[in-house]
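**Q** Below are the structure tokens for one structure; questions will follow.
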Amino acid sequence: MEDALALNTAVPAEKPAHGHQHGKFLLVVIAVQRVKQLRNGVRPRVDPQGHGCSWTALREVDGAMISWEVMEKVPPPVVAG
């Protein structure tokens, strides 16, 4: 699952995540998911340069190296009673 984040958050890779309508909050949420992946042994897409997983994940997300999409919330089904 290295290519897409598990949180199902698809903006094309060429569009920077920070330019998305959800702003910095979404950038941080995606970076946290990426940190989890990096800690589980996924190979980083940037040179960590001696920095930790958090720094690496933020550089990857901000550099649009991580694909993600925001899923629309589906309302629960209405049960006829």
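**Q** Note down the nm distance, to one decimal, between modelled labels 7 Å out along Cα→Cβ at Gln49 and at Lys24.
**A** Once both label points are built, they end up 2.1 nm from each other.
**Q** Moving on. What is the spin-label model distance, in nm, from Met71 to Arg39 if the labels are put 7 Å beyond Cα along the C-beta direction?
**A** Simple spin-label model gives 2.2 nm for this pair.
**Q** What ³J(HN,Hα) values, in whole Hz, does the Karplus curve 6.51 cos²θ - 1.76 cosθ + 1.60 give for the stretch 37-43 when θ = phi - 60°, with x put for Gly and Pro?
**A** Whole-Hz 3J(HN,Hα) from phi for the stretch 37-43: 5, 4, 5, 8, x, 5, 6.
**Q** Now for a separate question. Just order 55-68, 23-36 by mean Cβ neighbour count inside 10 Å, highest at the front, would you? Don't skip to the end; give the middle numbers.
**A** Numbers: 55-68: 19.0, 23-36: 16.9.
The densest-packed peptide leads the list: 55-68, 23-36.
Just so you know, all these numbers are worked out from the coordinates, no wet-lab data involved. In this text the structure is predicted, and so the values were computed from the model without any measurement. Quick reminder, even Gly has a Cβ in these numbers, built from the backbone with ideal geometry, and neighbours come from all protein chains shown.
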